[in-house]
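Beneath this line is the structure, given in structure tokens, with notes to follow.
The values are calculated or read from the model by the stated rules, or taken from the named source; none is laboratory data. Just so we're clear, the structure is a prediction, and the values are computed from it rather than from any experiment. When we count neighbours, we look across all protein chains shown, and the Cβ atoms used for this are built from the backbone with ideal geometry, even at glycine.
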Amino acid sequence: MKSLILILLVITFNTIYIESKPKTIPELTLEEAELILGESCYLKESTQTSSNGIQKFKSTFLTNSSIGSSKVIALDYMFESYSDEIDAKKMFESFKLSNETFEGFELMTNLGDEAFFHTDKQNFNLVIARKKNKMMRIKINKITKKTSLAELKKISSEIVTRI
């Protein structure tokens with residue numbers, strides 16, 4: 001009988017521990033960054049912060065061709081988790097409002113709860129997507145002939161499914 005109680009306690013403790021473990025952040029991998037940028041790159045920086053109920057993860061990738069060059073080609077990725085969905089919706093809406101009046105803006109369907117793509121076709125590509133209380137952003141800063149818009153949209157979709 002004592003063995004049965006001990007087993008039940010261990011199972012209960014493990015279940016509580018597993019359920020309370022934080023979910024991992026859906027990071028953008030180096031391989032994904034290289035597919036989007038169309039060339040080899042490296043992780044320049046990666047930070048994780050938490051304040052005011054918002055958890056943020058940010059990483060910046062630079063192409064190897066940027067090393068020692070005045071022409072920096074960067075991919076910035078940011079993932080945010082808000083304490084509630086209303087705050088995430090407000091933040092998404094502010095990004096949308098500041099971008100939607102410019103040429104190159106388009107709403108994206110079937111990507112989270114809401115998403116958009118924006119580009120000036122010369123300097124940047126931007127995808128912002130929200131799913132429940134989480135939001136991800138990918139911005140490419142300096143578009144080149146090697147930059148893959150198809151990979152940007154495909155990988156953005158894959159990241160949103162990992163949220």
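Taking the range 33-75 as the range and being of a type in the set (A, V, I, L, M) and within 19 Å of the chain's Cα centre (by Cα) as the test, the residues that pass are Ala33, Leu35, Ile36, Leu37, Leu43, Ile54, Leu62, Ile73, Ala74, Leu75. Checking each residue in the range 65-97 for being of a type in the set (Gly, Ala, Ser) and closer than 25 Å to Ser50 by Cβ picks out Ala74, Ser81, Ser83, Ala88, Ser94. When we screen Gly104, Gly112 for residues that are out of contact with any Leu (no Cβ under 6 Å at 6 or more places or on another chain), small (Gly, Ala, Ser) and closer than 28 Å to Thr49 by Cα, the only hit is Gly112.
You will find that of Ile138, Ile163, Ile128, Ile155, the residue that is buried (at least 17 other Cβ atoms within 10 Å of the Cβ), under 12 Å from the mean Cα position of the chain (by Cα) and at pLDDT below 95 is Ile163 and no other.
Among the criteria (1) in contact with a strand residue (DSSP E or B) (Cβ under 8 Å, 6 or more places away or on another chain); (2) under 19 Å from Leu35 (Cβ atoms); (3) at pLDDT 95 or above, the one Ala150 does not fulfil is (1).
Checking each residue in the range 75-117 for being among the aromatic types (Phe, Trp, Tyr), in contact with an Asp or Glu (Cβ under 8 Å, 6 or more places away or on another chain) and farther than 13 Å from Lys56 by Cβ picks out Phe92, Phe102, Phe116, Phe117. Taking each residue of the range 80-93 that is buried (at least 17 other Cβ atoms within 10 Å of the Cβ) and looking for partners that are in a helix (DSSP H, G or I) with beta-carbon atoms closer than 7 Å, six or more apart or interchain, yields Tyr82/Ala88. Each residue in the range 137-158 was checked for being touching a Ser or Thr at 6+ places or on another chain (Cβ under 7 Å) and within 22 Å of Ala88 (Cα to Cα), and 1 of them qualify.
Close Cβ contacts (under 9 Å, 6 or more residues apart or on different chains) running from residues in the range 98-114 that are farther than 12 Å from Leu126 by Cα to residues that are assigned to a loop (DSSP other than H, G, I, E, B) comprise Phe102/Asp120; Glu103/Asp120; Glu103/Lys121; Gly112/Lys132; Gly112/Ile163; Asp113/Lys132. Each residue in the range 43-62 was checked for being surrounded by fewer than 14 Cβ atoms within 10 Å (Cβ to Cβ) and either in contact (Cβ under 8 Å) with a residue 24 or more places away in the chain or of a type in the set (S, T, N, Q) (or both), and 8 pass.
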